[in-house]
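What follows is a set of notes on a single structure, which appears directly below.
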């Protein structure tokens, strides 16, 4: 790592911590492309819709700038600032995806009923519906991660081809994972219905 670059980054971080507007403009000009590329890459891997990428990018900047730029202050110069920013951005994207998943899980569970019409008629009242949604949510959480991601994307209306493109997998592989996930969910619903 170049000593001049390292010292320049240290001065920039110190100026940002002090709250200088010009320092933030320089920081954003220098690292905006890196942060946006990292956010976009993570959003694709975590199946975060493209329309949420801008919100996620804003969230990253908000976290970097709050509390006297505490996250920037934590950089100790042991690695390049760019490396540190990529890691921070990845962590924040993971946190964002985790919160997003929790918020949407109940809604997604109810959507699966459309894909399992055989079971839609067994819901007679709100208690039955809630019990079924609980079984669905538990079932989705127990699926292998790749199957769970594909099933959730299908529930959001994505086609197998779109999912394959986003996950960079062959369509046949996505189709197999989707079929396995649906079969597993049908089996779990059948077992819960018998008990």
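Overview of values
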read-out	value
Test: residue in the stretch 163-175 that is modelled with pLDDT of 75 or more, over 23 Å from the mean Cα position of the chain (by Cα) and either outside any helix (DSSP H, G or I) or not assigned by TED's automatic domain parsing to the domain that holds residue 49 (or both)	yes
Single residue of 48, 88 found to be modelled with pLDDT of 90 or more, surrounded by 16 or more Cβ atoms within 10 Å (Cβ to Cβ) and within 30 Å of residue 153 (Cα to Cα)	88
First in the stretch 2-29 and on the phi > 0 side of the Ramachandran plot, second anywhere and in a helix (DSSP H, G or I), Cβ under 9 Å, 6 or more apart	19/68; 19/69
Counted residues, the stretch 140-151 - those being buried (at least 17 other Cβ atoms within 10 Å of the Cβ) and either modelled with pLDDT under 80 or not in a helix (DSSP H, G or I) (or both)	1
Unique match (being more than 27 Å from residue 160 (Cβ to Cβ), touching a residue at least 40 places away in the same chain (Cβ under 8 Å) and part of a helix (DSSP H, G or I)) among 86, 39, 60	86
Residue match in the stretch 58-78 (condition: within 24 Å of residue 157 (Cβ to Cβ) and surrounded by fewer than 17 Cβ atoms within 10 Å (Cβ to Cβ))	no
Residue in the stretch 9-21 that is assigned to a helix (DSSP H, G or I) and within 16 Å of the chain's Cα centre (by Cα) present	no
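One line per residue, one yes/no per condition, for (1) modelled with pLDDT of 80 or more; (2) in the same structural domain as residue 162 (by TED's automatic domain parsing); (3) under 23 Å from residue 168 (Cα atoms):
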position: 15; (1), (2), (3): yes, no, no
position: 21; (1), (2), (3): yes, no, no
position: 37; (1), (2), (3): yes, no, yes
position: 58; (1), (2), (3): yes, no, no
position: 71; (1), (2), (3): yes, no, no
position: 76; (1), (2), (3): yes, no, no
position: 80; (1), (2), (3): yes, no, no
position: 109; (1), (2), (3): no, no, no
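The values are calculated or read from the model by the stated rules, or taken from the named source; none is laboratory data. Computed from a predicted structure; not experimentally measured. Using ideal geometry, Cβ is built from the backbone for each residue, glycine included, and neighbour counts are taken over all protein chains shown.
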